[in-house]
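Everything on this sheet refers to the single structure shown next.
The values are calculated or read from the model by the stated rules, or taken from the named source; none is laboratory data. The structure displayed is predicted, hence computed values, not measured ones. Backbone-built Cβ (ideal geometry, glycine too); neighbour counts: all protein chains shown. Only protein heavy atoms, including side chains, enter the accessible area calculation; ligands, DNA and RNA are left aside. Shrake-Rupley method; radii C 1.70, N 1.55, O 1.52, S 1.80 Å.
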Amino acid sequence: MVAASPNDRPQGEPTASHRLAQLQALTAALSAATTVAEVGRVVTSLARDALGARTASLWVVDGDALVAVAQTGDFDADLAPFQQIRLASDVPAARVVATGTPLWGEGPCLPLFVEHRVAGVVAWGFDREHVFGDDEKAFVLTVAGHSALAIDRARLFEETRAALDAAENANRAKDEFFATLSHELRTPLNAISGWSSLLRSNRLPADRRDHAVEVIARNARTLEDLIADLLDMSRILAGRLRLDVAPFDLASVVADALDGLRTAAASKSLRIETELDPLGGYLDGDARRIEQVVWNLASNAVKFSRPGGEVRVSLRPEEGAAVLRVLDHGEGMTPEFLRGAFEPFHQADAGFARKSGGLGLGLAISRRLVQLHGGTIEARSDGPGTGAEITVRLPLGAAGPGDASGTRAILRPTGRAEVLRGTLVLVVEDEPDSRELVVEILERHGARVTGVASADDAVAAFLRVPPAIVLSDVGLPGEDGLSLVRRLRALPGGARVPTVAVSAFVRAEDRARALEAGFDAHVGKPIEPDDLVDVVVDLLDAAARAPR
């Protein structure tokens, strides 16, 4: 292009001195800009005035498109400013991004380079053909360079601010969670401690003692559920949650989960209506974990339903999947809550005035368990007061009923425990209260129990009088239970004595480690007395039938 002489310049067109002043003002304004939008407004406004242009636009590259950050000037109605330009399109701005080469002409368009890549473009439009002189080109290139640096700096600032905001939000969420956790733990502890004190005082009338015991037991179960949720969430976040996979009957699992909620529903005069269709197949998965999902969803429905209402649970086959729906007509969910319903620690009501308990982990745990089974879960609600519906889809397998045998535990009649009468049992537990509990359970069924607190004491007791069965904690001080069971197996007659790991380490991998070390069975804490007795009786029966 031929540079225009000063005499050819229209009256009122910016002079070099004016552009220099504008460049200084631009530089100062850009240094204060902290967002890409602010950079865009500064560049399109000041640079347009400095060139006497009719329009000015600035776009930044976002994925496969240019997105308008700022546009100023008198745009023709039929040439409305582009808000987004596909990089694959054949327009000047897209060609500048592809080539990295400025386009001059009546509407110059320049690339904005950040670390040798085109991060955006800046363009001007004029009323008439405009011939750029060398000083104008230098000015425009300088504007583009300053703009690119300002955009890069603004993006870094925005990313830093976003990271700080995220950290602050995370800290706030953490503080709120620990406050909630403290409340949720202290509430059942208060009931347990208070009613225990009343029982110890002997001031409770006889007709209230059974009630006190029931309150203590119920709140102990609440504590157990809270701890289980925390452990599950920890495994999920660490990527260590594992499934014990086997074919199982989903309809039976759903029915079992709902049976455990009918008492809670009855206390609110709620009806739990079910429609469980035959699925024509079995699921391959972890029955215990799927029961946990059903319980989480149904217990939420019960919790948030109005007294006297109804919770509907349906199960039916749809296009090769088992579809479980849990519907209530209770409090419902706001759109804001729905967006994060399956996120950890997400609760609709937080703080002192919240109406419902819990840690906000149930839906997050359920989502991960469903995903591990190859399924999906989604929530729907028309808003507050309209109730909610949770839908779970799980792929159906082709396994037959015979494949699922033995996948669900069946408790035997406790009368079988008569075989414990007179049986010598060795219990190894360093925590006195836990040791006393196990001893009490077994002695009530007639067993003769020796309780010790360490691995060395266990070996000494075993050598004095070999027991018929050994129950040992895993987390013993000094020498743990895994090492102890290996020592016992090496003693004379130790290879034939059944052993049970009784432990608060209840993950699938903890159970596997115990069995690999030599234990014959694993029982998790807190202990259910009947379950413990059933395990002991099963092992004694098996040992009695084994060839000598």
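Here are the numbers for this structure:
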| quantity | calculated |
| --- | --- |
| Condition broken by S252, with the remaining ones in (1) among the polar types (S, T, N, Q); (2) surrounded by 12 or more Cβ atoms within 10 Å (Cβ to Cβ); (3) at pLDDT below 85 satisfied | (3) |
| Yes/no for L149 being part of a helix (DSSP H, G or I) and either over 15 Å from S57 (Cα atoms) or in contact with a Pro (Cβ under 7 Å, 6 or more places away or on another chain) (or both) | yes |
| Spans of strands (runs of 3 or more DSSP E) in region 440-527 with at least 2 residues β-branched (V, I, T) | 448-452, 469-472, 499-503 |
| Residue check, G383 at pLDDT 90 or above, assigned to a loop (DSSP other than H, G, I, E, B) and of a type in the set (G, A, S) | no |
| Counted residues, region 42-54 - those being under 13 Å from V143 (Cα atoms), in contact with a strand residue (DSSP E or B) (Cβ under 7 Å, 6 or more places away or on another chain) and open to solvent by 30 Å² or more (accessible area, probe 1.4 Å) | 2 |
| Set A287, A298, A322: member being over 21 Å from V245 (Cα atoms), of a type in the set (G, A, S), touching a residue at least 40 places away in the same chain (Cβ under 8 Å) and open to solvent by less than 60 Å² (accessible area, probe 1.4 Å) | A298 |
| Count of residues meeting criterion [in contact with a strand residue (DSSP E or B) (Cβ under 9 Å, 6 or more places away or on another chain), modelled with pLDDT of 80 or more and either open to solvent by 60 Å² or more (accessible area, probe 1.4 Å) or of a type in the set (S, T, Y) (or both)] in region 105-142 | 3 |
| Residue tally, condition in a helix (DSSP H, G or I) and among the aromatic types (F, W, Y), over region 271-295 | 1 |
| Residue within region 430-442 that is at pLDDT below 95 and farther than 27 Å from A228 by Cα present | no |
| Filter result for the condition that a residue is within 30 Å of R367 (Cα to Cα), without any contact (Cβ under 8 Å) to a residue 24 or more places away in the chain and touching a helix residue (DSSP H, G or I) at 6+ places or on another chain (Cβ under 9 Å), over R221, R172, R208, R186 | R221 |
